[in-house]
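Asker: Quick one: this structure, given as C-alpha cells, is what I'll be asking you about.
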Amino acid sequence: MKIAIDGPSASGKSTIAKLLSQKLGIPYLETGLLYRMFGYIAFKEKIKPEEALELFEQDFKVIYDVGKTEVYWKGKKLSEELKKEEVGKYASLLGEIPAFRKKMIEFFRRLVGDTQLVAEGRDVGTHIFPEAPLKFFITASPEERAKRRYLELRLKGFETSYEEVLNAIQERDLRDANRPVYPFKPAKDAHIIDTTNRTVEEVLEFILNIIKGREIGY
Ligand code: DC
C-alpha cells in the first residue's frame, strides 16, 4: 500500500512520514529532497529555468529505504547544504515549470513502481500517486512553522532571524499555491491534520489509528 503525506514547508510532514515509515517497516521517499537537489545543482551550475530539463542529465542518484531518502550528485551525498531557505526557493521555482514537474512526476512513478512506501511532498496525493489509498495532508499555522524552521536552522548553526524565516515561508506558500499549473492543494480524499497544537506522537497515533481502521475494514 502506498501512503501519501503532503503539506507545506516546516509543517512537520517529514518527521511524521519518516517515523511512519519506520513504524510500518516500509521505505520512505522524500520527494522535496529531489526538488532541493535539483535546485542546488541549478544554482551551482548556473542552469537557467528554460534549461531545467537538462538537470535530468546530471550524474545523480536517489536511494530510498525504511526511514531514509538520500540523494547523491557526482558521487557525493548532499544533505545539510540542501536545508537552506535559498535552496528551498530554487526548488520551488523549479516546481513552477510545468514540463519539469511533469518529468519529476514520471521520474518518481518509474523509480517506485509497485513498491509499498510512505511518500512525502506537495503533490504526492494529487499527482505522483493519486491512486494511493491513504492520503494525509499535514499542516500548521505559518507562525508555528516559522518557529519550528527557525529553531531547526539555528540548531544547525545557520544565521537567520524568525522574521526572515516567516517571510520566506509565507512567500513560498504563496508561490506554491498560485502556480498556474499543478497548484499546491490537498487531494480531495486526503485526511487533513493541523499539527499546530499537537505533538508528533499525537499526530502519529492519529494516523496509525486510521491505517489500522482501514486494515480491519471499517
Ligand atoms: O518539502 P520541501 O520544503 O523540502 O520542498 C521544497 C520545495 O520543492 C517546495 O517549496 C516546492 C518543491 N516541491 C514540489 O514542488 N513538489 C514536491 N513534491 C516536493 C517539493
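Asker: Check region 157-177 and report whether any residue there is on the phi > 0 side of the Ramachandran plot and either more than 12 Å from the ligand (Cβ to nearest atom) or more than 18 Å from the chain's Cα centre (by Cα) (or both).
Answerer: Scanning region 157-177 turns up at least one residue that is on the phi > 0 side of the Ramachandran plot and either more than 12 Å from the ligand (Cβ to nearest atom) or more than 18 Å from the chain's Cα centre (by Cα) (or both).
Asker: Going through Ile169, Ile128 one at a time, which residue ends up being open to solvent by less than 10 Å² (accessible area, probe 1.4 Å), at pLDDT below 95 and within 20 Å of Ile5 (Cα to Cα)?
Answerer: Ile169
Asker: Output the residue which, of all residues in region 12-46 that are touching a residue at least 60 places away in the same chain (Cβ under 8 Å) and of a type in the set (Val, Ile, Thr), is nearest to the ligand (Cβ to nearest atom).
Answerer: Of everything passing the filter in region 12-46, Thr31 is nearest to the ligand (Cβ to nearest atom).
Asker: Kindly indicate which of Pro49, Pro8 is away from the ligand (no atom under 13 Å from the Cβ) and touching a helix residue (DSSP H, G or I) at 6+ places or on another chain (Cβ under 8 Å).
Answerer: Exactly one of Pro49, Pro8 is away from the ligand (no atom under 13 Å from the Cβ) and touching a helix residue (DSSP H, G or I) at 6+ places or on another chain (Cβ under 8 Å), namely Pro49.
Asker: Looking at Leu94, Leu19, which one is crowded, with 17+ Cβ neighbours inside 10 Å and within 18 Å of Asp176 (Cα to Cα)?
Answerer: Matching residue, one of Leu94, Leu19: Leu94.
Asker: Considering only residues that are surrounded by 18 or more Cβ atoms within 10 Å (Cβ to Cβ), of a type in the set (A, V, I, L, M, F, W, C) and farther than 21 Å from Glu57 by Cβ, which ones fall in region 97-125?
Answerer: Leu117, Val118, Ala119, Val124 - these are the residues of region 97-125 that are surrounded by 18 or more Cβ atoms within 10 Å (Cβ to Cβ), of a type in the set (A, V, I, L, M, F, W, C) and farther than 21 Å from Glu57 by Cβ.
Asker: Then there is this: What strands (runs of 3 or more DSSP E), lying completely within region 1-86, carry at least 2 residues that are among the hydroxyl-bearing types (Ser, Thr, Tyr)?
Answerer: 68-73
Asker: Further question on the same structure: Looking at this structure, is Ile26 farther than 25 Å from Pro142 by Cβ and touching a helix residue (DSSP H, G or I) at 6+ places or on another chain (Cβ under 9 Å)?
Answerer: yes
Asker: Give Leu94, Leu117, Leu78 a once-over and let me know the one that is away from the ligand (no atom under 13 Å from the Cβ) and of a type in the set (A, V, I, L, M).
Answerer: Answer to the selection: Leu117.
The values are calculated or read from the model by the stated rules, or taken from the named source; none is laboratory data. Model, not experiment: these values are computed from the prediction. Heads up, the Cβs are rebuilt from the backbone with ideal geometry, glycines too, and the neighbour counts pull from every protein chain shown. In case anyone asks, the SASA skips ligands and DNA or RNA and just uses the protein heavy atoms, side chains included. Shrake-Rupley method; radii C 1.70, N 1.55, O 1.52, S 1.80 Å.
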